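A.B. asks: Dropping the structure in here first, questions after.
The values are calculated or read from the model by the stated rules, or taken from the named source; none is laboratory data. These numbers were taken from a predicted model, which means no experiment stands behind them. Here Cβ is always computed from backbone atoms with ideal geometry, including for glycine, and neighbour counts include all displayed protein chains. For the accessible areas, the whole protein counts, side chains as well, though only heavy atoms, and no ligand, DNA or RNA atoms are used. Shrake-Rupley method; radii C 1.70, N 1.55, O 1.52, S 1.80 Å.
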Amino acid sequence: MSYSRRDFLKTGIAAGTLAGVGAPLVAEKRTALDKVTLGRSGISVTRLAFGTGSNNGHVQYALGQEKFSKLIAYAWERGIRFYETAESYMTPAMLGEALKPYPRDSYVLMSKVTTDPDADPHQRFEDMLRTSKTDYFDIMLLHWQHDDRWVAETKRWQDGIDHFKDRKTIRANGASVHGLPALRQMPGNQWLQVAMIRMNHKGASMDGPSYTDNDNPDKVSEVVEHVHQVKKDGMGVISMKLIGDGTFTQHTDRVAAMRFAFQNAGVDCVTVGFKSNQEIDEAIDNLNLALT
């Protein structure tokens, strides 16, 4: 039997198609240092952020500028491109100094503002820019919102952030919450682009009926439900308290917490406070394990 060129091509295409049908799809390997987009904010960050607020930043501050800058340099060499601080921490000026060697558009800087009732938001943001030695913040969060009235009570701070977004000195906005009364106000909020939520598998220093840093293992499932909902709403989710505010002394707990945050809660990224190269290495390893 003879085959025409057309028959040969048809046969070859069909064979190739059939061969592809049964071929297993190889999932793309995810890592701690991949870039992910935080929901509708459009901000792209590494899954692991360098936190500078351990005990309100006293842990990092105790290193001194030279050691702290070397630690930031090590994190940079490892591939971390997301750094976070807060106006109330000891660390904004130190972090600004440590990041000076790197091009401003090569990393993401997040800060958090204390929403004092009598302060001027515009002056506060100008002061924060100056202290952090930066021309702009990639993300600005309303810090430590802790009751069910925070959305209405921080309206002028929201307006202040929007004003600075118009000026391109803040790129994205969000809030950091403590306690279920505050967390319950996040789903459905149209202003929020980024939600910072406490998360670990044991409920250590996590949300409960009040804003205090108590252990609330029976409330973990509700926190996870809120994470799922705000993600459906288009928000990016950053988690903190991954090591139970420093109480997880067992390595297995730190691994389990990271896995829970990504596999159960489905957060976008996490921030961890560091004081040594070894802690950076471990967090990267633990997050890589969580993504497998």
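A.B. asks: Among the aspartates and glutamates, which have Cα under 15 Å from the Cα of LYS168 when same-chain residues fewer than 8 positions away are ignored?
C.D. replies: Straight-line reach from LYS168, under 15 Å: ASP105, GLU126, ASP135, ASP138, ASP159.
A.B. asks: Over the chain, what is the relative contact order in percent, taking alpha-carbon pairs closer than 8 angstrom and at least six residues apart?
C.D. replies: 19 percent
A.B. asks: Can you tell me the dipole magnitude for region 74-140 around its Cα centre, using point charges on the Cβ only (Lys, Arg +1; Asp, Glu -1), in Debye to the nearest 20?
C.D. replies: 340 debye
A.B. asks: Under the Kirkwood approximation applied to all pairs of distinct alpha-carbon atoms, what is the hydrodynamic radius of the chain in Å?
C.D. replies: Hydrodynamic radius (Kirkwood, Cα pairs) of the chain is 20.2 Å.
A.B. asks: A follow-up question, please. Given +1 on the Cβ of Lys and Arg, -1 on the Cβ of Asp and Glu, and no further charges, what dipole in debye does the chain carry about its Cα centre, rounded to the nearest 20?
C.D. replies: The calculated dipole for the chain is roughly 1200 debye.
A.B. asks: A further question follows. Let me have the 222 nm mean residue ellipticity of the chain computed from DSSP H runs of 4+ only, each contributing -39500 (n - 2.57), with the sum over all residues rounded to the nearest 500.
C.D. replies: The per-residue figure over the chain is -11000 deg cm²/dmol.
A.B. asks: Between SER239, THR249, VAL177, whose Cα lies farthest towards the positive end of the dipole of region 159-254 when Lys and Arg beta carbons carry +1 and Asp and Glu beta carbons carry -1, centred on the Cα centre?
C.D. replies: Of SER239, THR249, VAL177, it is SER239.
A.B. asks: I'd like to know which of HIS163, ASN200, GLY188 lies farthest towards the positive end of the charge dipole of region 119-214, counting +1 on Cβ of Lys and Arg and -1 on Cβ of Asp and Glu.
C.D. replies: ASN200
A.B. asks: Lysines within cross-link reach of LYS231: Cα-Cα under 24 Å, excluding same-chain residues under 8 positions apart?
C.D. replies: In chain and number order, the partners are LYS29, LYS35, LYS112, LYS155, LYS165, LYS202, LYS219, LYS241.
A.B. asks: Would you kindly find the accessible area of LEU48, with a 1.4 Å probe and non-protein molecules such as ligands, DNA and RNA excluded, rounding to the nearest 10 Å²?
C.D. replies: 0 Å²
A.B. asks: Counting only Cα atoms, I'd like the Rg/Rh figure for region 159-292, Kirkwood definition for Rh.
C.D. replies: Rg divided by Rh gives 0.99.
A.B. asks: Can you send over the carbon and sulfur percentage of the accessible area for the chain, probe radius 1.4 Å, protein chains only?
C.D. replies: Summing carbon and sulfur atoms, their accessible area is 51 percent of the total for the chain.
A.B. asks: Could you state, as a whole-number percent, how many of the C-alpha pairs of region 167-246 are farther apart than 16 Å?
C.D. replies: Of the Cα pairs, 47 percent sit more than 16 Å apart.
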